[in-house]
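> What follows is a structure written as structure tokens; I'll ask about it next.
The values are calculated or read from the model by the stated rules, or taken from the named source; none is laboratory data. Everything numeric here is computed off the predicted structure, so don't read it as measured data. Quick reminder, even Gly has a Cβ in these numbers, built from the backbone with ideal geometry, and neighbours come from all protein chains shown. Keep in mind that these areas ignore ligands, DNA and RNA; they rest on the heavy atoms of the full protein, side chains included. Shrake-Rupley method; radii C 1.70, N 1.55, O 1.52, S 1.80 Å.
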Amino acid sequence: MSAKKLLLALNKMFKCPTHPFNLQNEGKMTYAEWQYLKGSDTIKFYTKVKTEEDMFKDKTVLDIGCGAAGKSLYYASKGAKKVYGVDVVAHYKEESEKLAEQKGLSDKFEFHLCDAANLCFEDKMFDTIIMNDSMEHVAEPEKVLKECYRVLKDDGKLFVNFCPYYHPYGAHLSDVIGFPWVHMFFKEQTMIDAYKDLISDMPDKDMRIKFRFSKDENGKETISYINKMTIKRFNKVLKTSPFKTIEYKKEVALRNVFSCFAKIPVLKEMFVKMVVVILSK
């Protein structure tokens, strides 16, 4: 049996987590609507130490990696003066602006198509910057943190949370591959080939492929949607960043039963579901 066939066989044994792409295909809700509905979940790790008012009330907010900006609009609904969402996917602009109009928040929101490593904003413009599930996607994390520092006001806050690469679904293919830790057992090309098989009959298959994969300088296909950010790598990035004040830092275990494993240096990479940091300028 080939590696791809083995992966496809094993995958049948596991249920995929709920994913917005699948909900959209099923006609249940758009990606933007799903993000808005899950808005409180994107900040739940911070609200243990900060209130929503602390984060948003009368604040100018930047949402990096906003996607279709449903979460950005959730932040706007919490009393923000203005929320700017940035992403590199062009079609999210239309989707985000449509939802902003539906929610009556057009005057409080702007979508910008730009790279987080080269932000199109003036120095010291934002009170709050949020990087929810985007640190593991940016191509140049060191430059992104430098840009965040530049556009953040004095005493402004940067909120970062991400799932590390060796998280059970750290390969970010869980819209159709529910087999946990798949990237620890199979080669990248095997995962790509299996993924393409699994989405072959889907109406949005071309979008999913373009969104997740590309070819490197040698013509090899890669999962380009992620940067394989580990906890160890993030800590190194953090140490070299301009941010010197860490107000809060927590590594959240997958479940309470795994909390002991989430404290062991090597094992924590597999048993931490979220790294959470609040940085202050």
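> How do the helices (runs of 4 or more DSSP H) wholly within segment 202-281 filter down when requiring 1 or more residues that are more than 22 Å from residue 186 (Cα to Cα): which remain? Full working, then the answer.
Details: elements: 205-212, 231-239, 268-271.
Per the criteria, 205-212, 231-239.
> Can you tell me which residue in segment 100-123 is least open to solvent (accessible area, probe 1.4 Å), limited to those that are assigned to a helix (DSSP H, G or I) and out of contact with any strand residue (DSSP E or B) (no Cβ under 9 Å at 6 or more places or on another chain)? Lay out the reasoning, then the answer.
First, the residues of segment 100-123 that are assigned to a helix (DSSP H, G or I): 100-102, 106-108, 116-118.
Now drop any that are not out of contact with any strand residue (DSSP E or B) (no Cβ under 9 Å at 6 or more places or on another chain), which leaves 101-102, 106, 117-118.
Working: 101: 140, 102: 113, 106: 63, 117: 19, 118: 111 Å².
Per the stated criteria, the residue is 117.
> Could you go through segment 142-160 and let me know if any residue there is at pLDDT 95 or above and part of a loop (DSSP other than H, G, I, E, B).
No, every residue in segment 142-160 fails to be at pLDDT 95 or above and part of a loop (DSSP other than H, G, I, E, B).
> Which of the following residues is farther than 16 Å from residue 9 by Cα, in contact (Cβ under 8 Å) with a residue 60 or more places away in the chain, out of contact with any helix residue (DSSP H, G or I) (no Cβ under 9 Å at 6 or more places or on another chain) and open to solvent by 60 Å² or more (accessible area, probe 1.4 Å): 206, 201, 155?
The unique qualifying residue is 155.
> Any idea which of 53, 33 is charged (D, E, K, R), surrounded by fewer than 24 Cβ atoms within 10 Å (Cβ to Cβ) and within 23 Å of residue 163 (Cα to Cα)?
On the way: 53 fails: within 23 Å of residue 163 (Cα to Cα).
Answer to the check: 33.
> Scan segment 223-240 and report the pairs whose first residue is touching a residue at least 40 places away in the same chain (Cβ under 8 Å) and within 28 Å of residue 194 (Cβ to Cβ) and whose second residue is open to solvent by 20 Å² or more (accessible area, probe 1.4 Å) and part of a helix (DSSP H, G or I), with Cβ atoms within less than 8 Å and a gap of 6+ or a chain change.
223/188; 225/211; 230/269; 231/268; 231/269
> Give the residue that is modelled with the lowest pLDDT, with candidates limited to residues of segment 209-242 that are of a type in the set (S, T, N, Q) and open to solvent by 70 Å² or more (accessible area, probe 1.4 Å).
Narrowing segment 209-242 to residues of a type in the set (S, T, N, Q): 214, 218, 222, 224, 227, 230, 235, 240-241.
Narrowing the set further to residues that are open to solvent by 70 Å² or more (accessible area, probe 1.4 Å) leaves 218, 240.
Details: 218: 90, 240: 95.
For segment 209-242, the residue satisfying everything is 218.
> OK, next. Within segment 243-281, can you find the residues that are open to solvent by 40 Å² or more (accessible area, probe 1.4 Å) and under 22 Å from residue 148 (Cβ atoms)?
Residues satisfying the conditions are 244, 245, 246, 247, 248, 249, 250, 251, 281.
> Looking at 178, 170, can you tell me which residue is at pLDDT 95 or above, within 29 Å of residue 143 (Cα to Cα) and not hydrophobic (A, V, I, L, M, F, W, C)?
Numbers: 178 fails: within 29 Å of residue 143 (Cα to Cα).
After applying the criteria, what remains is 170.
> A further question follows. I want to confirm something. Restricting to segment 56-71 and keeping residues that are touching a residue at least 60 places away in the same chain (Cβ under 8 Å), open to solvent by less than 10 Å² (accessible area, probe 1.4 Å) and not in a helix (DSSP H, G or I), which single residue is nearest to residue 139 (Cα to Cα)?
64
Residue-wise test of (1) touching a Lys or Arg at 6+ places or on another chain (Cβ under 7 Å); (2) under 30 Å from residue 48 (Cβ atoms).
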{"site": "154", "(1), (2)": "yes, yes"}
{"site": "163", "(1), (2)": "yes, yes"}
{"site": "188", "(1), (2)": "no, no"}
{"site": "205", "(1), (2)": "no, no"}
{"site": "235", "(1), (2)": "no, yes"}
{"site": "242", "(1), (2)": "yes, yes"}
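> In addition: Quickly run through segment 1-49 and pick out the residues that are over 23 Å from residue 65 (Cα atoms) and outside any loop (DSSP other than H, G, I, E, B).
3, 4, 5, 6, 7, 8, 9, 10, 11, listed by residue number.
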